[in-house]
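Engineer: Here it is, the structure in full.
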Amino acid sequence: MRTLFVPLAVLALAVPPAFSQQTPQTAGPSSSLSASGRTLEPEGSLTLRAAVALALQANPGLSAARHEQAAADGAVVQAGAWPNPTLDTQLEDLRRNNRTTTLQLSQPIELGGKRAARVTAAERARDQAASALSARRAELRASAVTAFFDVLTAQERLRLAQDSVGLAQIATRAAANRVAAGKVSPLEETKARVAEAGIRVELLQAEGTLRASRQLLAALWGNPAPRFTQVDGAVDQLPAQAAAPEVARRLPDAPVLRQARLEVERRRALSDLEQAKRIPDVTVSLGVKRVPASEGEGDAVSSSRRNQVVVGLSVPLPIFDTNRGNITEALSREDKARDELAAAELQLGADVAQASERLRSARATAETLQRDALPGAETAYRAATKGFELGKFSFLEALDAQRTLFQVRNQYLVALADAHRAAGELDRLLGTEGDDPSANVR
């Protein structure tokens with residue numbers, strides 16, 4: 001028996017260490033992202049920088065992208081692994097005196113560059129995961145900035161509605177006083193109270209909009225119940241309009257184009273892998289065969305013939321399966337990826353142009369309203385209110401001035417919100433540059 005296992009020990013030592021692979025360390029249990037977001041979120045005021053930091057630190061979608069990148073790293077490790085050897089044993093004739101035992105170690109050897117092509121494809125998939133993580137960060141940052149200014153705008157709209165309710169109450173009291181003095185008919189007081197009720201409805205709507213906006217912002221870091229009470233910022237700050245050369249410079253490195261280019265490279269690597277599979281792999285075998293001793297032979301002669309070395313070479317014949325279908329599929333998908341890259345370039349150009357135009361239009365609207373309409377509406381309302389109290393203007397004229405001021409202010413807030421949404425869309429499309437969330441606000 002000793003002579004039987006000595007060759008097998010030599011075979012085991014001859015197996016190169018490259019056949020073994022390292023097992024990547026698994027990540028420990030992750031903590032609840034929602035609980036982490038609630039813990040980090042302040043209970044009082046929230047700044048733009050803090051909101052962006054919270055979203056980047058505790059967003060569940062961003063954490064999922066990080067795990068995907070870690071999984072892609074493991075796939076690269078697995079793609080570089082050598083095939084495992086096989087240990088075979090075979091018995092011929094179950095009768096003890098006539099039994100022949102063969103023990104054999106077989107090692108597949110990949111030919112045609114399959115392993116290198118497989119590793120290249122896995123690396124391109126890892127690059128895609130890293131690019132997706134970067135794109136997710138830029139998208140999340142843009143969403144946080146947009147949601148923050150939505151809350152800020154909703155706060156201002158609520159304040160405007162509260163001011164309007166106060167103005168309506170003043171107008172109602174003035175109308176009631178004039179009715180009591182017999183200067184106007186009771187119909188004027190009724191109209192004033194109806195107008196006040198309508199403005200109170202708008203106040204309720206503004207409160208609901210603010211609650212929804214706060215929930216959307218807090219949801220970015222996994223908190224369904226916002227802890228912050230308000231956001232701090234200047235509502236009248238407009239996002240900067242990027243110049244055309246700057247947009248053209250950032251366009252080729254947009255996240256969607258990076259993903260599309262990496263997909264083309266990955267499909268090319270998969271095509272190379274399928275091409276390499278046309279070359280069959282070989283299997284080299286080395287073992288020992290123990291045969292029974294022949295009758296009448298001496299001990300010395302018998303012992304020298306009982307163990308025999310077995311060497312083998314196995315090569316599959318590519319007669320029926322030449323991998324032609326897989327090659328055709330891989331090449332077609334590579335062409336598809338190129339077409340999708342061209343389509344992504346066209347769509348990105350259209351989306352960026354549309355978002356830029358929306359930003360330009362919203363900025364122009366907000367600047368015009370702030371420069372021309374708001375001062376005139378405020379002056380007209382103050383004059384109409386004072387004139388109504390002095391009996392120079394009718395209630396309808398004062399009410400019309402009040403409604404005009406409310407509409408102009410509301411239009412101004414809508415234009416500000418549209419500008420920030422368009423700027424956030426541009427950041428999402430082009431990818432965010434820098435770490436300062438207020439860099440794109442002037």
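The values are calculated or read from the model by the stated rules, or taken from the named source; none is laboratory data. Computed from a prediction, not measured in an experiment: that's the story for all the values here. Every residue, glycine among them, receives a Cβ derived from its backbone with ideal geometry; neighbour counts consider all protein chains shown. Keep in mind that these areas ignore ligands, DNA and RNA; they rest on the heavy atoms of the full protein, side chains included. Shrake-Rupley method; radii C 1.70, N 1.55, O 1.52, S 1.80 Å.
Engineer: Going through the stretch 317-342 one residue at a time, which ones are within 37 Å of the chain's Cα centre (by Cα) and among the hydrophobic types (A, V, I, L, M, F, W, C)?
Structural biologist: Within the stretch 317-342, Ile327, Ala330, Leu331, Ala337, Leu341, Ala342 qualify.
Engineer: State the number of residues belonging to the stretch 255-291 that are under 19 Å from Ala132 (Cα atoms) and open to solvent by 60 Å² or more (accessible area, probe 1.4 Å).
Structural biologist: Adding up the residues that qualify gives 3.
Engineer: If I ask for residues that are farther than 20 Å from Arg159 by Cα and open to solvent by less than 10 Å² (accessible area, probe 1.4 Å), which ones from the stretch 223-240 would you list?
Structural biologist: Passing the criteria: Asn223, Pro239.
Engineer: Does Leu87 qualify as being in a strand (DSSP E or B), in contact with a helix residue (DSSP H, G or I) (Cβ under 9 Å, 6 or more places away or on another chain) and open to solvent by 80 Å² or more (accessible area, probe 1.4 Å)?
Structural biologist: For Leu87, the condition - in a strand (DSSP E or B), in contact with a helix residue (DSSP H, G or I) (Cβ under 9 Å, 6 or more places away or on another chain) and open to solvent by 80 Å² or more (accessible area, probe 1.4 Å) - is met.
Rundown of residues vs (1) modelled with pLDDT of 90 or more; (2) among the small types (Gly, Ala, Ser); (3) over 16 Å from the mean Cα position of the chain (by Cα), yes/no style:
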residue	(1), (2), (3)
Gly37	no, yes, yes
Leu40	no, no, yes
Gly44	no, yes, yes
Arg49	yes, no, yes
Leu56	yes, no, no
Ala64	yes, yes, no
Ala72	yes, yes, no
Gly80	yes, yes, yes
Pro85	yes, no, yes
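Engineer: I've got another one for you. Kindly establish whether Asp418 is open to solvent by 40 Å² or more (accessible area, probe 1.4 Å) and within 30 Å of Ala135 (Cβ to Cβ).
Structural biologist: Yes: the conditions hold for Asp418.
Engineer: Just to check your reading of the model, which residue among Arg115, Arg124 is closer than 30 Å to Gly287 by Cα and assigned to a helix (DSSP H, G or I)?
Structural biologist: Criteria check complete, one pass: Arg115.
Engineer: Another question, then. Using the structure shown, decide if Leu413 is more than 27 Å from Arg200 (Cβ to Cβ) and hydrophobic (A, V, I, L, M, F, W, C).
Structural biologist: no
Engineer: Starting from the stretch 361-387, keep only residues that are of a type in the set (Val, Ile, Thr), then list their pairs with residues that are at pLDDT below 90 and open to solvent by less than 20 Å² (accessible area, probe 1.4 Å) whose Cβ atoms are within a distance under 7 Å, requiring at least 6 positions of separation or different chains.
Structural biologist: Thr385/Ala398
Engineer: Turning to a different aspect of this structure: Scan (1) over 16 Å from the mean Cα position of the chain (by Cα); (2) surrounded by 16 or more Cβ atoms within 10 Å (Cβ to Cβ); (3) among the basic types (Lys, Arg) for the single condition Arg95 breaks and write down its number.
Structural biologist: (2)
Engineer: State whether one or more residues within the stretch 339-353 are assigned to a helix (DSSP H, G or I), in contact with an Asp or Glu (Cβ under 6 Å, 6 or more places away or on another chain), modelled with pLDDT of 90 or more and surrounded by 13 or more Cβ atoms within 10 Å (Cβ to Cβ).
Structural biologist: Checked the stretch 339-353: no residue is assigned to a helix (DSSP H, G or I), in contact with an Asp or Glu (Cβ under 6 Å, 6 or more places away or on another chain), modelled with pLDDT of 90 or more and surrounded by 13 or more Cβ atoms within 10 Å (Cβ to Cβ).
Engineer: Given (1) surrounded by 13 or more Cβ atoms within 10 Å (Cβ to Cβ); (2) more than 30 Å from Glu43 (Cβ to Cβ), where does Ala243 come up short, assuming only one miss?
Structural biologist: Failed condition: (1).
Engineer: Step by step: first the residues of the stretch 238-266, then only those that are hydrophobic (A, V, I, L, M, F, W, C) and not in a helix (DSSP H, G or I), then the one that is nearest to Gln370 (Cα to Cα). Which residue is that?
Structural biologist: Here the answer is Leu238.
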